[in-house]
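The structure appears right after this line, and notes come after that.
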Ligand code: 6R9
């Protein structure tokens with residue numbers, strides 16, 4: 001509790017220079033809620049429209065009339081907003097600074113003019129290979145500039161990109177290609193991370209065997225590594241690029257035309273294809289980037305995420321580029337070649353704002369202060385975090401050690417589904433409390449409800465819902481509009497349910513307490529326990545599996561799997577390793593269980609439901625308070641599990 005009462009006022013000097021102060025926030029927020037129509041039409045002016053919209057939000061969360069549209073009558077092109085409109089005023093300014101994995105290799109810089117050429121050329125390559133408006137294009141790329149060009153090239157010609165994180169396995173990639181019926185895939189020969197190489201093209205080859213929809217693979221040469229090319233299906237990007245022009249007109253798109261699909265995990269079933277559209281999404285990415293990061297012309301902005309996640313979409317690419325910022329893109333990992341790398345990059349590129357995940361901070365914090373103190377970091381002005389709740393200890397380390405007590409730390413809460421920040425401090429407007437995401441962004445109407453949906457006023461705790469639509473909201477689950485409604489709007493009718501728990505304190509500050517569904521958060525990566533369970537039961541020796549999260553010092557949560565083997569199969573350490581590797585192969589390294597316990601049977605209710613509450617407690621080692629086990633079909637199961645718990 002002491003932690004939660006500690007307030008860090010933003011220094012006066014900092015506030016004076018900020019774009020929005022406390023009064024400014026109140027005015028902005030008040031208008032956004034009282035008169036959303038005119039507020040959003042005015043905000044829409046921050047984009048460059050081919051046809052300016054006259055309608056703002058047109059939506060209903062009610063089942064009988066369910067629809068979500070923003071700026072429907074507007075026309076624009078997202079890539080032209082991120083590039084072309086900056087050419088006259090800042091064509092020579094750097095758009096992207098790329099830092100390679102290996103610090104001894106040169107960084108690359110692309111001015112807006114160069115970005116324009118690269119994206120146009122990429123767009124013409126896509127066209128030459130048959131990509132048309134509305135086609136789905138899977139992008140499975142390392143963190144190299146060509147990944148950014150590919151994404152923006154899709155936006156330029158109106159193709160729908162689906163970026164798949166390069167750490168996902170061929171199986172996971174194939175599932176995503178098939179779900180959205182994507183005929184095109186852009187990849188690279190290999191990726192590089194922390195000095196290691198990742199066989200991306202070989203992974204695509206393996207995925208293609210299970211993804212019959214795939215017709216064409218465009219391969220960017222990144223490392224020069226040896227890869228097999230399949231005649232008629234695979235082409236080298238640089239071969240096709242030789243014969244195309246570096247000018248490509250931007251397609252005229254409706255504001256509600258799809259921009260991208262991004263797969264994310266839910267509490268049940270396969271990952272969902274979250275669909276974002278053009279106008280509302282870009283407006284949201286651009287507005288939140290400017291407000292939360294107090295972005296000012298000429299600043300260097302570094303979001304140290306991967307473009308395979310929504311954070312990379314909104315805050316490496318779309319938000320900063322829409323605002324004409326210089327965005328840093330880093331190929332590697334935070335702690336390679338050593339624990340000082342992030343801070344060296346900050347100094348090297350004179351980064352003003354750094355945005356990263358609590359898990360990275362906890363890992364670096366464990367290396368002590370020296371690797372940080374060995375660098376200057378004088379260019380830093382603002383620090384941000386995203387992806388999971390930040391523990392106050394990590395927050396203070398970020399503030400005191402990394403920021404030398406000079407830079408506000410903003411904790412930003414949002415989701416793949418929300419497109420951009422939903423609850424986050426505006427650093428010039430709000431004093432900070434370590435661990436709190438502070439206040440809603442303009443237009444965001446958060447409510448805390450109890451299990452029955454009653455709205456709880458004042459200082460309280462419960463489930464977080466959002467009562468009004470906002471422009472950056474996802475529009476559907478690809479190919480499954482019913483699942484969209486059921487997942488987000490059926491639990492609390494008329495409201496968007498976030499699946500996060502939340503507390504509001506006496507000052508009206510919001511504190512996200514974590515997921516209330518079966519989604520776990522491992523190193524800031526969101527994962528459905530059901531997905532890991534499905535992967536485990538695919539193995540021929542496994543009869544049943546139940547997966548829960550348990551607290552982990554660095555990762556936030558670790559993965560704990562309970563596995564029941566088929567009869568006649570005997571548990572062994574070797575089989576345990578095999579099964580962990582199996583999950584790694586099925587989904588990817590981020591899904592590898594930290595602990596795997598063999599369980600002759602799982603605790604179930606008489607109606608056959610697995611009692612996850614009990615499994616969570618056992619995994620945590622909290623076995624003294626297992627609660628009421630009398631409803632179990634066979635209470636003795638629990639004793640066996642407790643006795644054989646994996647520490
Ligand atoms: C942007 C992103 C979304 C889930 C979300 C919540 C957790 C994200 C957070 C946070 C506490 C924060 N989350 N930011 N929890 N404080 N600042 O991470 O999207 O990958 O879809 O994850 O992450 O549980 O529901 P996504």
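Each value in this text was obtained by applying a stated rule to the coordinates, not by laboratory testing. Predicted, not measured: the structure shown is a model, and the values here were computed from it. Counting neighbours? That spans all protein chains shown, and the Cβs are built from the backbone with ideal geometry, glycine included.
Across the range 501-528, what is the number of residues that are within 18 Å of residue 468 (Cβ to Cβ) and crowded, with 20+ Cβ neighbours inside 10 Å?
3
Could you please let me know if residue 332 is under 22 Å from the mean Cα position of the chain (by Cα) and within 16 Å of the ligand (Cβ to nearest atom)?
For residue 332, the condition - under 22 Å from the mean Cα position of the chain (by Cα) and within 16 Å of the ligand (Cβ to nearest atom) - is not met.
So in the range 264-283, with the set limited to residues that are over 16 Å from residue 476 (Cβ atoms) and surrounded by fewer than 23 Cβ atoms within 10 Å (Cβ to Cβ), which one is nearest to the ligand (Cβ to nearest atom)?
Residues of the range 264-283 over 16 Å from residue 476 (Cβ atoms): 265, 267-268, 282-283.
Still in the list and also surrounded by fewer than 23 Cβ atoms within 10 Å (Cβ to Cβ): 267-268.
Numbers: 267: 11, 268: 15 Å.
Residue satisfying both the conditions and the ranking: 267.
Yes/no per residue for (1) closer than 19 Å to residue 549 by Cα; (2) within 31 Å of the chain's Cα centre (by Cα):
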{"residue": "594", "(1), (2)": "yes, yes"}
{"residue": "599", "(1), (2)": "yes, no"}
{"residue": "608", "(1), (2)": "no, no"}
{"residue": "612", "(1), (2)": "yes, yes"}
{"residue": "616", "(1), (2)": "yes, yes"}
{"residue": "621", "(1), (2)": "yes, yes"}
{"residue": "624", "(1), (2)": "yes, no"}
{"residue": "647", "(1), (2)": "yes, yes"}
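Kindly indicate whether residue 480 is more than 16 Å from the ligand (Cβ to nearest atom), in contact (Cβ under 8 Å) with a residue 12 or more places away in the chain and under 30 Å from residue 562 (Cβ atoms).
Spelling it out, residue 480 is indeed more than 16 Å from the ligand (Cβ to nearest atom), in contact (Cβ under 8 Å) with a residue 12 or more places away in the chain and under 30 Å from residue 562 (Cβ atoms).
Only one residue in 442, 434, 427 is part of a loop (DSSP other than H, G, I, E, B), more than 13 Å from the ligand (Cβ to nearest atom) and touching a helix residue (DSSP H, G or I) at 6+ places or on another chain (Cβ under 6 Å), so which one is that?
Values: 434 fails: more than 13 Å from the ligand (Cβ to nearest atom); 427 fails: touching a helix residue (DSSP H, G or I) at 6+ places or on another chain (Cβ under 6 Å).
So the residue among 442, 434, 427 that is part of a loop (DSSP other than H, G, I, E, B), more than 13 Å from the ligand (Cβ to nearest atom) and touching a helix residue (DSSP H, G or I) at 6+ places or on another chain (Cβ under 6 Å) is 442.
What helices (runs of 4 or more DSSP H) lie completely within the range 564-647 and have 2 or more residues being free of Cβ contacts under 8 Å to residues at least 12 places away in the same chain?
573-586, 636-643
Can you name every residue in the range 106-135 that is closer than 19 Å to residue 200 by Cβ and outside any helix (DSSP H, G or I)?
Answer for the range 106-135, where residues must be closer than 19 Å to residue 200 by Cβ and outside any helix (DSSP H, G or I): just 129.
Taking the residues in the range 571-590 that are within 11 Å of residue 561 (Cα to Cα) and in contact with a helix residue (DSSP H, G or I) (Cβ under 9 Å, 6 or more places away or on another chain) as candidates, determine which candidate is surrounded by the most Cβ atoms within 10 Å (Cβ to Cβ).
Only one residue fits best here, namely 583.
Hey, among 378, 451, 467, which residue is more than 11 Å from the ligand (Cβ to nearest atom), free of Cβ contacts under 8 Å to residues at least 40 places away in the same chain and under 22 Å from residue 28 (Cβ atoms)?
Checking each option against the conditions leaves just 467.
Condition first: crowded, with 18+ Cβ neighbours inside 10 Å, touching a residue at least 40 places away in the same chain (Cβ under 8 Å) and in a strand (DSSP E or B). Now tell me which residues in the range 539-556 satisfy that.
Selection gives 546, 547, 548, 549, 550, 556.
Among all residue pairs at least 6 apart or on different chains, which show Cβ distances below 7 Å where the first residue, located in the range 249-264, is closer than 12 Å to residue 163 by Cβ and the second is away from the ligand (no atom under 16 Å from the Cβ) and in a loop (DSSP other than H, G, I, E, B)?
Every condition considered, the pairs that remain are 261/180.
Since residue 29 meets every condition but one in (1) more than 26 Å from residue 382 (Cβ to Cβ); (2) crowded, with 17+ Cβ neighbours inside 10 Å; (3) in contact with a strand residue (DSSP E or B) (Cβ under 8 Å, 6 or more places away or on another chain), which condition does it not meet?
(1)
Under 6 Å by Cβ, and 6 or more places apart or on different chains, what pairs join a residue from the range 391-404 that is more than 25 Å from residue 350 (Cβ to Cβ) with one that is surrounded by fewer than 19 Cβ atoms within 10 Å (Cβ to Cβ)?
What qualifies is 392/3.
Residues of the range 390-411 being assigned to a loop (DSSP other than H, G, I, E, B), buried (at least 19 other Cβ atoms within 10 Å of the Cβ) and within 16 Å of the ligand (Cβ to nearest atom), which ones?
Matches in the range 390-411: 390, 408.
In the range 96-114, which residue that is touching a helix residue (DSSP H, G or I) at 6+ places or on another chain (Cβ under 9 Å) and more than 29 Å from residue 196 (Cβ to Cβ) is surrounded by the most Cβ atoms within 10 Å (Cβ to Cβ)?
112
Please determine whether any residue of the range 219-239 is without any contact (Cβ under 8 Å) to a residue 12 or more places away in the chain, over 25 Å from the mean Cα position of the chain (by Cα) and part of a helix (DSSP H, G or I).
yes
Can you confirm whether the range 510-524 contains a residue that is away from the ligand (no atom under 16 Å from the Cβ) and either touching a strand residue (DSSP E or B) at 6+ places or on another chain (Cβ under 6 Å) or at positive phi (or both)?
no
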